[in-house]
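Some notes on the structure that comes next.
The values are calculated or read from the model by the stated rules, or taken from the named source; none is laboratory data. In this text the structure is predicted, and so the values were computed from the model without any measurement. Because the Cβ atoms are built from the backbone with ideal geometry, glycine has one as well, and the counts that use them run over all protein chains shown.
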Amino acid sequence: RSVCLAQVERTLAMVKPDGVMGNYSEEIKKMIAATGFVIAAEKVVQLDEAAVGIFYAEHSQREFFPSLVKFMTSGPVLAMVLEKENAVAQWRALIGPTDATKARISHPKSIRAMCGSDSQNNCVHGSDSHQSAAREVAFFFGNHKSGEVMVGHDEL
Ligand code: RTP
Ligand code: MG
């Protein structure tokens, strides 16, 4: 193999129920491809309350948590493993700030500016660290060694 293989990193991206129901999945995938990410795996999943509790465990004591659970279980999500150099930071940059109303002002080309509504219904998720990415990829897709990944593209 060549000595100059780029260091490929993985992150977990998700189109939330508002994005799926608003038919933004294809547009988001186009933006993902245009930015140079490879979608290594994808899966449409209906989360239940228990699953949201695990996925967003860090927020379980926040006052907005019951509302977040209601939102995240309101319809299917599209989970994807994205691969690229510096994927965690680059996907966070592409989605924009948490509050879509602020994203529209400060990051008008971001995904949340395009399809998010407010501080909760913000269309997409992105892992916030390498550690979160590893946990969240395993949450949706199980543990796989890199190189033997998940070529199957599951549908509901
Ligand atoms: P995410 O984890 O979904 O990528 O979002 P994030 O890092 O930008 O924001 P985070 O603080 O981790 O919050 C997780 C999700 O909880 C909902 N939220 N609602 N009502 C509120 O004030 C509020 N704050 C956060 C959002 O759906 C947010 O993305
Ligand atoms: Mg977060």
| Selection status of residue 3, among the β-branched types (Val, Ile, Thr) and modelled with pLDDT under 95 | yes
| Among the candidates 54, 32, residue that is under 23 Å from residue 114 (Cβ atoms) and not charged (D, E, K, R) | 32
| field | residue 89 within 15 Å of ligand 2 (Cβ to nearest atom) and surrounded by fewer than 18 Cβ atoms within 10 Å (Cβ to Cβ) | value | yes
| note | Of (1) away from ligand 2 (no atom under 15 Å from the Cβ); (2) in contact with a strand residue (DSSP E or B) (Cβ under 8 Å, 6 or more places away or on another chain), residue 105 fails just (2)
| request: Collect the residues in the stretch 61-86 that are surrounded by fewer than 18 Cβ atoms within 10 Å (Cβ to Cβ), over 23 Å from residue 23 (Cβ atoms) and within 11 Å of ligand 1 (Cβ to nearest atom), keeping them in residue-number order. | output: 62, 63, 64, 65, 66, 67
| message | Given the condition buried (at least 21 other Cβ atoms within 10 Å of the Cβ), modelled with pLDDT of 95 or more, closer than 18 Å to residue 116 by Cβ and of a type in the set (A, V, I, L, M, F, W, C), answer yes or no: does some residue in the stretch 40-50 qualify? | response | no
| said: Quick check on the stretch 80-127: of everything there that is among the acidic types (Asp, Glu) and out of contact with any helix residue (DSSP H, G or I) (no Cβ under 7 Å at 6 or more places or on another chain), which residue is nearest to residue 69 (Cα to Cα)? | reply: 99
| Pick from the stretch 133-156, criterion in contact with a helix residue (DSSP H, G or I) (Cβ under 8 Å, 6 or more places away or on another chain) and either among the hydroxyl-bearing types (Ser, Thr, Tyr) or at pLDDT 95 or above (or both), ranking: farthest from residue 93 (Cα to Cα) | 139
